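Values quoted throughout were computed directly from the atomic coordinates according to the rules given, and no laboratory measurement underlies them. Please read all numbers here as calculations on a predicted model, not as lab measurements. Virtual Cβ from ideal backbone geometry, glycine too; neighbours counted across all protein chains shown.
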């Protein structure tokens, strides 16, 4: 047993001698890896929030489009009974999506049963940390096209919020 102890002690001494020139290597490696790891984590966080908002926006527009198709423009929500069917549908879209600062537009070429109409929404995307902002689109767009299933009492008309991009809702395709 005494020989084994000496061998271990000898290997420890040799190991220490080998590490004398590498005293700051771990610190340098950490200084390189930690910023890259943080960039990756915060990039995933920003991209995840972007996708979450995109899903919320799409779902809100889809739900409001369905309510518009069955002529329930306020969706049974008293807070969205604000005036014309178009204003009610815009309000409902904003409430159902939950995305702050979005703009909504309703496009109705023909206000008769069986004819299509579109509900469009645009949101200026933003990154929480700002690390992936250059890689995200400046605006998120979503659109749903439905057919009117019930005759609207007052009539659904084209209208809504101003386009945040300033291009007169060109991202919102006219339903065919």
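Data table
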item: Qualifying residue in the stretch 142-160 (condition: closer than 20 Å to residue 47 by Cβ and touching a helix residue (DSSP H, G or I) at 6+ places or on another chain (Cβ under 9 Å)); result: yes
item: The stretch 125-176: number of residues that are surrounded by 13 or more Cβ atoms within 10 Å (Cβ to Cβ) and within 13 Å of residue 53 (Cβ to Cβ); result: 9
item: Subset of the stretch 23-52 (residues that are surrounded by 17 or more Cβ atoms within 10 Å (Cβ to Cβ) and touching a helix residue (DSSP H, G or I) at 6+ places or on another chain (Cβ under 9 Å)); result: 46
